[in-house]
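Below you'll find the structure, written out as structure tokens, and then a few comments.
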Amino acid sequence: MSSLGVFEPPMAIRGRKFVHPVTVVKDINDNIIGIDFMHANQLSYNPTSKQITFAHMLTNALYAVKETTIPALSTMIISTMFKGNICDTAKPVAMVHAPNNPTTSGMPALVTLDKYKNCKLVIDNCAPYNIVLAQNKVLGVLEF
């Protein structure tokens, strides 16, 4: 393979910005994330959900308080519980990331945790069928 050089383009993954050396190879048009980039930024790839996650995501996860069915192609406000450590100096931002329900989506949002570390999360069901969000399953990630 013939290299056209090494560049450092700005990149964004799940809302986070990165700069990393990228080798551009002639006649390859696919975007490839290398193992060195994944290790340096503590990324994981889930082949089942086809999603990239940060290593800390499960420690900052938001879990479903109860089993809930979201009708096809609709949006619901879901109660979630946070099991991680709270940062008192920053506002929490919730992001939808449900590995068990890859057809769910949602916008990042500022949220408020109550005294039990619960918050509400707006989740879209992008599937043309009802989906069940199981109790205690990961629905999102909370970052400060």
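The values are calculated or read from the model by the stated rules, or taken from the named source; none is laboratory data. Computed from a predicted model, the values in this text were never measured in an experiment. Cβ coordinates were reconstructed from backbone atoms using ideal geometry, including for glycine residues, and neighbour counts include every protein chain displayed.
When the residues of the stretch 1-37 are narrowed to those that are of a type in the set (Asp, Glu) and under 26 Å from HIS97 (Cα atoms), which ends up surrounded by the fewest Cβ atoms within 10 Å (Cβ to Cβ)? The extreme case among them is ASP30.
For PHE54, are the conditions met, namely being surrounded by 14 or more Cβ atoms within 10 Å (Cβ to Cβ) and either farther than 15 Å from LYS137 by Cβ or not assigned by TED's automatic domain parsing to the domain that holds PRO128 (or both)? Considered against the rule, which asks whether it is surrounded by 14 or more Cβ atoms within 10 Å (Cβ to Cβ) and either farther than 15 Å from LYS137 by Cβ or not assigned by TED's automatic domain parsing to the domain that holds PRO128 (or both), PHE54 comes out as yes. Mind listing whichever residues of the stretch 111-134 are in contact (Cβ under 8 Å) with a residue 12 or more places away in the chain and assigned to a loop (DSSP other than H, G, I, E, B)? Answer for the stretch 111-134, where residues must be in contact (Cβ under 8 Å) with a residue 12 or more places away in the chain and assigned to a loop (DSSP other than H, G, I, E, B): VAL111, THR112, LEU113, TYR116, LYS117, CYS126, ALA127, PRO128, TYR129, ASN130, ALA134.
When the residues of the stretch 58-102 are filtered to those that are part of a strand (DSSP E or B) and within 12 Å of the chain's Cα centre (by Cα), the one that is surrounded by the most Cβ atoms within 10 Å (Cβ to Cβ) is LEU62. Only one entry of ASN125, ASN118 meets the criterion of being at pLDDT 95 or above and more than 18 Å from the chain's Cα centre (by Cα), and that entry is ASN118.
For (1) closer than 21 Å to ILE13 by Cα; (2) β-branched (Val, Ile, Thr); (3) in contact with a Phe, Trp or Tyr (Cβ under 6 Å, 6 or more places away or on another chain), each residue gets a yes or a no:
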site: THR89; (1), (2), (3): no, yes, no
site: PRO92; (1), (2), (3): yes, no, yes
site: PRO99; (1), (2), (3): yes, no, no
site: GLN135; (1), (2), (3): no, no, no
site: LEU139; (1), (2), (3): yes, no, no
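Comparison of PHE54, PHE144, PHE82 shows that the only residue that is touching a residue at least 40 places away in the same chain (Cβ under 8 Å) and in contact with a Cys (Cβ under 6 Å, 6 or more places away or on another chain) is PHE144. Exactly one residue out of VAL93, VAL132, VAL138 is under 23 Å from SER44 (Cα atoms) and in contact with an Asp or Glu (Cβ under 7 Å, 6 or more places away or on another chain), and it is VAL93.
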